[in-house]
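The values are calculated or read from the model by the stated rules, or taken from the named source; none is laboratory data. These numbers come from a predicted model, not from an experiment. Cβ placement follows ideal geometry from the backbone for every residue including glycine, while neighbour counts extend to all protein chains displayed. In case anyone asks, the SASA skips ligands and DNA or RNA and just uses the protein heavy atoms, side chains included. Shrake-Rupley method; radii C 1.70, N 1.55, O 1.52, S 1.80 Å.
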Amino acid sequence: MALVLYAGNTNKNGYKTLIAAEYSGVKVELVPDFVIGVSNKTPEYLKLNPIGKVPVLETPEGPIFESNAMARYVTRLKADNPLCGSSLIDYAQIEQWIDFSSLEIDANLLHWYRPRIGRTVYIAPFEEATISSLKRALGALNTHLASNTFLVGHSVTLADIIMTCNLFMGFTFLMPKSFTSEFPHVERYFWTMVNQPNFRKVMGDVKQTDATPPVAKKPAQPKEAAKPKKEEPKKKEPKKEPAKPKPEPAEEEEEAPKPKPKNPLDLLPPSKMVLDEWKRLYSNTKSNFREVAIKGFWDMYDPEGYSLWFCDYKYNDENTVTFVTMNKVGGFLQRMDLARKYAFGKMLVTGDNPPYKVQGLWLFRGPEIPQFVIDECYDMELYDWRKVDISDEVQKERVNQMIEDAEPFEGETLVDAKCFK
């Protein structure tokens, strides 16, 4: 009998088991068309979990409920699973962070979320205390992650899976960028995790919420109960005030003009440099790179229409594992996709031994780094940026070497080079 998971396909607690299964090579079948509020009320489901909570994992030995227990079970099906650590202290610290994630992160997120959507009574002072507790927990987590890529050791463990799944609800439903920016290491950690292949296979493309949901309005139950006879006014009440069709189109109309105003970069004076032509030249030059591509770049370059920038990662001391460092850079480039029309970039990972250096070169349309890139790509604040002075031959030569992936670069081994074009 295969393991069967009873959960919706977007249930963050179900994700814990599914991601652990991906890492452990365990097959788990997700029950199709599972609907919370319906499927978990059936007599068959209540035999698996008498209180009807979701998720449940059905195993050959019997059902398991409570999501952390389910994830532990799946993880321990694989002998010597790296998700469990490699020593007694690893195991203890993994359990420590699982408890922390459940009691300090998940609990506070739920206490914040439920009143907002009308599941429980909204009390402003209680919400303030909840957010304060959550920020205290995120601050502690941020401090730990300032010098650690993962929660325990140098690779993903079950603690990372459970922590990320619990943070998932916060990032996608409650905590917009304006909230999480106070915790940059938590941000970096979360986006690194959800972009790992095994996480991404289960979670898909994760997007951060734009705003905290408004407090749900209380229904005027006493007034409705006090006037049972006046059925006709009630029929008139469907003035469609809660779902007025007029405001909704108005909102859509407000959204429609947003694309109409051009990106400020499109309003800049025309430049002699055509970015796509440079990208084609870069991609198509297979030999004599200096003589063809580099020379072509400087022939095209327009210092009035474009600007060049060096960037250096602020936390290179964290870059102790090669593939994690490379994934970090890959995630950055993925999130820079919004600037593809206006930018070209090279990112290098260098070093003979860990910790590795991450540094880059970027070409942006306009005299400064575009504001929309700074606002929308959180990675930008993880780097120190300095504008290239093309009158300085030393800096100009550094640009050349970064474009052509010179090895060694500044006396160090070139571990990896990625291009954004």
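Structure values in brief
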{"read-out": "Filtered residues of segment 72-91 (kept if under 26 Å from T59 (Cα atoms), open to solvent by 30 Å² or more (accessible area, probe 1.4 Å) and not in a loop (DSSP other than H, G, I, E, B))", "value": "R72, Y73, R76, P82, C84, Y91"}
{"read-out": "Matching residues, segment 1-45, being among the β-branched types (V, I, T), in a loop (DSSP other than H, G, I, E, B) and under 28 Å from the mean Cα position of the chain (by Cα)", "value": "T10, V26, V31, V35, I36"}
{"read-out": "Residue satisfying all of: in segment 277-330; of a type in the set (K, R) and under 30 Å from L145 (Cα atoms); least open to solvent (accessible area, probe 1.4 Å) among these", "value": "K328"}
{"read-out": "Segment 355-370 residues that are under 15 Å from V329 (Cα atoms) and in contact (Cβ under 8 Å) with a residue 24 or more places away in the chain, paired with ones that are of a type in the set (K, R) and open to solvent by less than 10 Å² (accessible area, probe 1.4 Å) (beta carbon under 9 Å, 6 or more apart)", "value": "G360/K346; L361/K346; W362/K346"}
{"read-out": "Neighbours by Cβ (under 7 Å, 6+ apart or cross-chain): first from segment 280-291, in contact (Cβ under 8 Å) with a residue 12 or more places away in the chain; second crowded, with 16+ Cβ neighbours inside 10 Å and among the hydrophobic types (A, V, I, L, M, F, W, C)", "value": "L281/A293; Y282/A293"}
{"read-out": "Qualifying residue in segment 394-403 (condition: open to solvent by 60 Å² or more (accessible area, probe 1.4 Å), out of contact with any strand residue (DSSP E or B) (no Cβ under 7 Å at 6 or more places or on another chain), within 17 Å of Y306 (Cα to Cα) and of a type in the set (D, E))", "value": "no"}
{"read-out": "Single residue of N148, N108 found to be crowded, with 16+ Cβ neighbours inside 10 Å and either more than 24 Å from T17 (Cβ to Cβ) or not acidic (D, E) (or both)", "value": "N108"}
{"read-out": "Condition check for T143: open to solvent by 30 Å² or more (accessible area, probe 1.4 Å), of a type in the set (V, I, T) and out of contact with any His (no Cβ under 7 Å at 6 or more places or on another chain)", "value": "yes"}
